[in-house]
Amino acid sequence: MVGTAALLLLFLFPGLLFAQGIPQLSGTVVDTSGALIAGATLQVRSATGAVQITIQSDASGSFIISGLSSGNYRLVVSNPGFETKEIPVAVGTPAAPAQLRISLAVSSVSTTVNVRGRQDDLVGIANSATQGTVGATELQDRPILRSGEILEALPGLIITQHAGGGKANQYFLRGFNLDHGTDFAIFLDDMPLNLPSHAHGEGYSDMNTVIPEFVERVDYEKGPYYADVGNFGSAGSAHLVFFNTLPQNFFTVEGGMYGFGRAVFGVSHKLASGNLLYGGEAYHENGPWVHPDNYYKFNGFVTYSQGDDANGFSVTARAYRGTWHSSDQIPVAATPLVGYFGTLNPTGGGESQRYSLQVEWHRQDANSETKITVYGFYYDLNLFSDFTYFLDDPTTGDQFEQQDRRWAAGLDARHAIFSHWFARKVQNTFGFQVRNDWVHNGLYRTEDRMRTDKSDINACNDEPIPACVTNPNLTAILPADTDLNRFTDTIVSFYVENKIQWTSKFRWVLALRGDDAIYNVTSLTPPYVATELPGAPVVNFAALNSGTATKFLPSPKATLIFGPWSKTEFYVQGGFSFHSNDARGATQREEPISPDSPFPTSSTPIPALVATKGGEFGVRTSAVPHLQSTLSLWYLHSNSELQQDGDTGTTVASASPSNRYGLEWANYYTPAEHLVLDLDMADSRAQFAQIDSNDAAYTNVGGGQYPVQGLGGKLVPEAVRVVISSGVTLHNYKGFTSTLRLRYFGPRDLTSDGINRSASTLLLNMGLNYRLNERWSVSADLLNLLNRRADDITYAYISRITPTADPTFTNVYHPTEPFQARFGLHYTF
């Protein structure tokens, strides 16, 4: 009875809290007319942005927030259809307000919110069930093996590796094996990370250039529905936003098993009328491999900024350099020969560097908003790989080198105008983007990293040409200079976007985007004389493969948003997008002499841009207290899977259109102040519209030794299917943080007929952190906690593991790394 009476008194007379000296915040939330707003969300955040308490205003618009320690906080107030307001507040100090009266203005159309992470309620804010934000706190709580794995915070995305640590990750999302970035766009403060017409693979995105501690948040979206995302964004995109000012300066040293060592620091302070932030990272690891990776990388980061979120600018410079050895994937049959963590060619590896400078300027007032980003960078890669070992040349092996050197520059400008249509507030946005890459790349045949001519002893197995009928054992010469080119890769883009909040329960986003690709290619490949063929035909690659290619694609997009009802919102989306093809393939009329084309072979140029289109139905709800949940059903069509293969210089994959569809379910639950549980599940399907004859593998053409395989099927090889990511985190409880994360990557069809399949991969990782005092903390990451043997990635193709072995079509794998522990010491100042 005493407790009940006390609660009643506090409810009727909240001022009693002040009388007892209990720190609190209280007040009311209203609109600009003075009308009370019930159900408004109020979040109290610490100086570092961590959410302390989240409540809703009651039916009379009132709120009381208690249980806070004395100090300074940020109060973020939001409600669907209104602009979000963030204000500084003091608690338990002489400056603490007696009562707050918070007035929210009606949103111009949709909201642009300072979202910190998945704990934020995006009902009434997001334009899709598969759009969201992951904040720095969650990113830093996650134990990771590689820096790129911070992107696995995106529901349904898997990050793997099939070679040395310095190579770009493999990405899997929405029924795609995205290789190193095709159909998944990544941006660093609006500067694109993907590299078009890359020597190794279209859209190559190397996340080794990112220092995770400097990432303030990752904004993400999936599907081809967003006007500001063009090339490579069909499956999804990630926008990494970096700190301009650090919450705290820091220095971290880490060490662990398999030669792992890392040191990273970050410092920010006032400089003149702005803020200067700088930091760096030094990193080394060997991995568990028989021939150590010996991966060294160095990252530097500096940014100077002035102003605030409404008006200001920043200048940012980044630098990265890495060198490594590589244990590439091996066939299952090679395991007894070289060991589970062995390699068939210990001279693989590479070196890479990237240096960038970008300038960003923004301004905002009551009627408009403008943002302009200008960037430029230099990039360099030398990569040595060997995936078939002794298949083509049993004497010198099948190693090859890929070289990519480029300068790139670009502009991203957008201007939004706030006005009224039919007494409804409207936001119209106009955008212009242009990017130009000046590229010099090459493909070479090598032995122990030395360029050399080679012989293809099984040339007639691939080529049913007349000469092979009379001489089925014909050997072709593979020149060291396989495919050399200098070219410009330019894409000019514009978009217009219209947002209207028609009623309190319905708004739309309509957009039209246009992209124009312009390729200008100069082939530098030396002329080739096919001395092994009658008449010794001469191929003039410079004349046949040089040229200009252009392609324009319009991409309309539409999103309809209904609700919210009971804190639940519904989305219907449809749109078109694209990915670019390699500039070399767009002008190529003669295949380079390679194992795929050992004799002169004419080819047809491929489209510069490949169109995609998709649709999605989604639901987002926060009806269950403390639970953010989304569900989406999606479909994506690609006009073809045709691409240029950087490993051979030839056109590969299927010209058939493909269809992908799937279901995604994401959940983020905060049942208590320090406890977070998340569960993300995705199930995808991918099929060609017709049987993929290009994947009907190998027959005994010319009487060779290759084994007969199936006739092909409609399954898209290596397409990701079931993905499950789940975790439980106890965050900052009495200085202790602990995270346990499960990652499941389901079986995949490796050939279009489904004969070859991969196994599933399940990993469990743990992260621990304890704050010793205000400045010092210690941490431990326990990776692959169950020490499971599984494949990081699996393929199926033909190879020869020794000079005398028979060629074999089989599964080829790169193993996950075994259990390892990494420890860190952290100092903040």
Going residue by residue through segment 583-600, the Karplus relation 6.51 cos²θ - 1.76 cosθ + 1.60 with θ = phi - 60° gives ³J(HN,Hα) values, rounded to whole Hz and with x marking Gly or Pro, of 4, 5, x, 6, 10, 6, 10, 9, 5, x, 6, 8, x, 6, 9, x, 10, x
Residue-normalised value, i.e. accessible area per residue, for segment 513-659 at 1.4 Å probe, in Å², stands at 36 Å²
Given Cβ charges of +1 for Lys and Arg and -1 for Asp and Glu, the option among T54, L633, F265 whose Cα lies farthest towards the positive end of the dipole of the chain is T54
Quotient of Cα radius of gyration and Kirkwood radius for the chain, i.e. Rg/Rh, equals 1.00
Check: C-alpha center segment 222-257 vs C-alpha center segment 809-829, spacing in Å is 21 Å
A 1.4 Å probe over the protein heavy atoms gives the chain a carbon and sulfur accessible-area percentage of 60 percent
Under 5 Å from the placed amide H of S656, counting only residues 5+ away or on other chains, we find E641
Inter-part gap, Cα centre of segment 163-186 to Cα centre of segment 715-734, in whole angstrom, is 16 Å
Residue span A90 to F298: 0.36 nm per residue of separation minus Cα-Cα distance leaves a gain in nm of 70.7 nm
Projecting the Cα atoms of F432, V529, S128 onto the charge dipole of the chain, where Lys and Arg contribute +1 and Asp and Glu -1 at Cβ, the residue farthest towards the positive end is S128
Rounded to one decimal in nm, the spacing of the 7 Å Cα→Cβ label points at F494 and A423 is 3.5 nm
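Placing +1 at every Lys and Arg Cβ and -1 at every Asp and Glu Cβ, with all other atoms neutral, what dipole size does the chain have around its Cα centre, in debye to the nearest 20?
Details: 57 positive and 79 negative charges, 551 e Å.
Once rounded to the nearest 20, the dipole reads 2640 debye.
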Extension length gain for V778 and A558 (0.36 nm per residue less Cα distance), in nm, is 74.4 nm
Taking a straight Cα-to-Cα line shorter than 17 Å from K505, and setting aside same-chain lysines fewer than 8 residues away, one finds K425, K567
Over 18 Å (Cα to Cα) among K167/K297; K85/K557; K222/K613; K557/K613 -> K85/K557
Going residue by residue through segment 332-338, the Karplus relation 6.51 cos²θ - 1.76 cosθ + 1.60 with θ = phi - 60° gives ³J(HN,Hα) values, rounded to whole Hz and with x marking Gly or Pro, of 4, 5, 7, 4, x, 7, 10
Nearest-0.05 FRET efficiency for F617 and N540 at R0 = 56 Å, using Cβ-Cβ distance, is 0.55
For the pair D365 and R449, the simple spin-label estimate (label points 7 Å beyond Cα toward Cβ) gives in nm 5.9 nm
Inter-part gap, Cα centre of segment 414-486 to Cα centre of segment 532-592, in whole angstrom, is 12 Å
PRE zone check, label point 7 Å out along Cα-to-Cβ of Y770, amide N under 16 Å, scope segment 777-794, hits 777-782
Nearest 10, in degrees from 0 to 90: the angle of helix 2-12 to the longest Cα principal axis of the chain is 90 degrees
Scalar couplings 3J(HN,Hα) for segment 613-622 by Karplus 6.51 cos²θ - 1.76 cosθ + 1.60 (θ = phi - 60°), nearest whole Hz, x for Gly and Pro, are 8, x, x, 7, 10, x, 9, 10, 9, 10
Among A549, P192, I793, the residue whose Cα sits farthest towards the positive end of the charge dipole of the chain, when +1 is placed on the Cβ of each Lys and Arg and -1 on the Cβ of each Asp and Glu, is P192
Sorted by chain and then number, the residues having a modelled amide H within less than 5 Å of the amide H of S26, at least 5 places away or on another chain, are I65, L100
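The values are calculated or read from the model by the stated rules, or taken from the named source; none is laboratory data. Note that the coordinates shown come from a computational prediction; the quantities given were computed from them, not determined experimentally. Reconstructed Cβ throughout: ideal geometry from the backbone, glycine too, with neighbour counts over all protein chains shown. What goes into the accessible areas is simple: the full protein's heavy atoms, side chains included, and nothing from ligands, DNA or RNA. Shrake-Rupley method; radii C 1.70, N 1.55, O 1.52, S 1.80 Å.
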